[in-house]
Amino acid sequence: MDPMSEENGKKKHLTGKRIFTLILSYLLFCVMGGVVASGVVMPAVVGASAITKAIEPQMSAGLDDVKFDLQDLPQQSRMYASDGTTLIATFYTQNRIIVPLKDISQVMQQAVVAREDRRFFQHAGVDPTGVLRAFVQTYVHRGDTQGGSTLTQQYVKNILIDQANSSNDPIAAYHAQEDTIARKLREMLLAVQLEKSYSKAEILQGYLNIAQFGSGVYGVETAARRYFNVSASQLNLGQAATIAAITKNPQAFDPTLHPEASQEQRDIVLDLMQSQGYATAEQVQEAKSVSVKDMLNVQEVPVGCQTAGNAAYFCDYVVNKILSSAQFGETRADRRNLLYQGGLNITTTMDVTAQNTASDAVRQAVPENDPSGVESVIAAIRPGTGEVLALAQNRTYDASADAGGTSTSINYAVDQADGGAQGVLPGSTFKPINLVSWLQNGHYANEALPTSTQYANSSFPCNSTTTGVWRVQNSGGGTVNPESPYQGILRSHNTVQASMAQRIGLCAIADTATQLGYHNAITNQSDIHDTMFAPMIIGSLNVAPLTMANVYATIAANGVKCDPIAISKVEKDGKSYDVPSANCTQAIPSNVAQTVAYVLHQSAVSGEGKSANFPNRTVYSKTGTAESFFLDTAAFTNGVSAFATVGNMETQVDLSGKTINGVTRRTWYGESIAGPMIRNFLSSYVTQANIPDDPSYGQPDNTLMNGSGRASSSRSTDNSDSSNAETSRSQDRSNPATSTTEDGNTDTTTDETN
């Protein structure tokens, strides 16, 4: 024999002997319970070998370095509708649902013990017989490497891997699963210590919750739901044996991927259960008689908003709120980890009925595949609470990189900061804000104002442009002189808005808009005070539909303004997290809110908001047309406030002459599509949700309507206003409102006489 080969063989033999001595010595102390002594004796046993010097530092790690709390495991978070039971979406990096041992069937517990560690209830964390068997097979017979790991050791290994991954420590993750004696010895030491601190039931519970039971499936509860559509407590013998068999090789034995291999392994587990007294021969034979393919009742395990159906955009809004809220972590990364690994139960404010009816309404108005390519959007909110009820658009949610066509992840109903686009032009739906400000600043609704088709920019307090002339006219051309703010709402006229703004100033209107909950959609232009210019009073700013729904909700709630909220509760194992507050406050006086609501009701009954009205219900509405780019309507009734819009939400497109949903119009107005769309939503929702009407809301304040000492208007004395509106309507339906600066350039403005 070659001397070098002989020497190498001798070294290998000696190394094997040292390892053998090491294992036997270690096992001796483990079995005797001398865990503390092992820290002293082990260095003497292994000090002669260089390899053991590398092992020694790892051996010093104790339970204090490892977290064995099941709640620290990555587990799926679930998002629910407001009813607390309708599942919207699931989020996870490891699809796991933690369950206590009492909620895992006994036969499932027995199956995993039979397969993985038949002496589990006898050993103290390390099984000497198993280790020696593995040593003989690996080092004596030179067979395949075997570990001889107990369930306790496997639990330790999984915990170490998970802890390393959670700490974003790839080196620790590698060492936690590398095939070395050092790793095995550390597992043994921790396993013995673990058994001294935890009961067998606690260790078995931990293992069943952390183990991987297939491709992307973690924990026995998730496996039971995934493969058989039952809970872990309902698993029968055959199902339990199938799941228990998977852990040896989660990919190769996944029954959905390799049913034949899975069945072979299932039958091995059944035989083991019979031999260990967990099942009779008859029970095993009966279980084997059914193929794995016939046993399966596979359930898809969705992840993220991509699978939330018509609630996907609402889901996306909630996710963005979680990621931006300090209540859920110091950094955005911390919040994402909590969402995808924290096992949260998130109850949202989404009303299932509202969401379904809104989704139907936007697609009935403009089908998703309509050749026009325009979007239709509805946002709805519950007045006085801030609770967002529904967010819908005629698009399919798709967050993938290759989304296109009618698929997008952009949520057109919300602010840019919450995953939205640049917003929409609110058009004449902004005008009630002017009226609120007008009443708050000492004026009254029926006050007659002189109007014109041109106003010096310098005549508007706080105008960002102080030179030149703002040319503005009503939709039919020209102006009505004089005209009251009340008539200006019913007729949706522009020129009277300019006359109002001259007297109270743009700052006052901006202040009122902010009080009502208004802000711009574009992130770096959020504050309306930074974008003040005369055309803003007829809706030339960019706003999210949800914001406008909330402005009207303030008017609908007796002047109480709330911040929109989409999350009502977040819990984990009985612990509640703080959630963003609606911060409800009395923003405007009740009599102002009631008076403006009265005017909006007249708009719905006999003015330009009639397209949103429906029988046997008290409705308050205002339509708006932003030039020919956006068709808008805002409306509320008892229990719900909503905003609807139609247009191209990413790039403004002229809708003039377009064919939308089979109809071609030279000029489109807010009443054309958005009005009927919001009417269909409101009528369907309040009917299905059994929300009662409140015909008493909207009682006008005499002084605010007519000034001191004047008689109040009533709901039954508005026919003259209605006839005036009809006269206005006949002027010219073909031309949108125009507003130009002195140099003749057309500004984006609003109005319709439709």
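The values are calculated or read from the model by the stated rules, or taken from the named source; none is laboratory data. Please read these numbers as outputs of a predicted model, since none were measured by experiment. A quick note on method: Cβ atoms are made from the backbone with ideal geometry, for glycine too, and the neighbour counts reach across all protein chains shown.
Is it the case that some residue within the stretch 188-208 is in contact with a strand residue (DSSP E or B) (Cβ under 6 Å, 6 or more places away or on another chain) and touching a residue at least 24 places away in the same chain (Cβ under 8 Å)? No, the stretch 188-208 contains no residue that is in contact with a strand residue (DSSP E or B) (Cβ under 6 Å, 6 or more places away or on another chain) and touching a residue at least 24 places away in the same chain (Cβ under 8 Å). Here N320 clears all of (1) over 24 Å from C562 (Cβ atoms); (2) surrounded by fewer than 23 Cβ atoms within 10 Å (Cβ to Cβ); (3) of a type outside the set (G, A, S) except the condition numbered (1). Among the residues of the stretch 93-114, just one is of a type in the set (D, E, K, R) and touching a Gly at 6+ places or on another chain (Cβ under 6 Å), namely R96.
Please specify each residue of the stretch 461-506 satisfying the condition of being assigned to a helix (DSSP H, G or I) and β-branched (V, I, T). Of everything in the stretch 461-506, those that are assigned to a helix (DSSP H, G or I) and β-branched (V, I, T) turn out to be I489, T495, V496, I504. R332 meets each of the listed conditions (1) within 27 Å of A556 (Cα to Cα); (2) out of contact with any Cys (no Cβ under 8 Å at 6 or more places or on another chain) apart from (1). Of the residues making up the stretch 652-683, those that are among the β-branched types (V, I, T) and within 26 Å of the chain's Cα centre (by Cα) number 1. Taking only the stretch 520-533 into account, find how many residues are surrounded by fewer than 20 Cβ atoms within 10 Å (Cβ to Cβ) and closer than 15 Å to L506 by Cα. Number of matching residues: 5. Selection of the stretch 599-616 for residues being at pLDDT 95 or above, touching a Leu at 6+ places or on another chain (Cβ under 8 Å) and surrounded by fewer than 22 Cβ atoms within 10 Å (Cβ to Cβ) yields only F614.
Restricting the search to the stretch 568-577, which residues are in contact with a Ser or Thr (Cβ under 9 Å, 6 or more places away or on another chain) and under 15 Å from R335 (Cα atoms)?
Result: V570, E571, K572.
Looking only at residues in the stretch 197-227 that are at pLDDT 90 or above and part of a loop (DSSP other than H, G, I, E, B), the one that is nearest to the chain's Cα centre (by Cα) is G219. Within the stretch 213-263, the residues that satisfy the criterion of being touching a Pro at 6+ places or on another chain (Cβ under 9 Å) and of a type in the set (F, W, Y) are F213, Y218, Y227. Residue check: is A279 among the small types (G, A, S), more than 20 Å from G343 (Cβ to Cβ) and assigned to a helix (DSSP H, G or I)? It is false that A279 is among the small types (G, A, S), more than 20 Å from G343 (Cβ to Cβ) and assigned to a helix (DSSP H, G or I). A residue that is in contact with a strand residue (DSSP E or B) (Cβ under 6 Å, 6 or more places away or on another chain) and of a type in the set (G, A, S) can be found somewhere in the stretch 605-614. Does A549 count as within 27 Å of the chain's Cα centre (by Cα), part of a helix (DSSP H, G or I) and not charged (D, E, K, R)? So A549 fits the description; yes.
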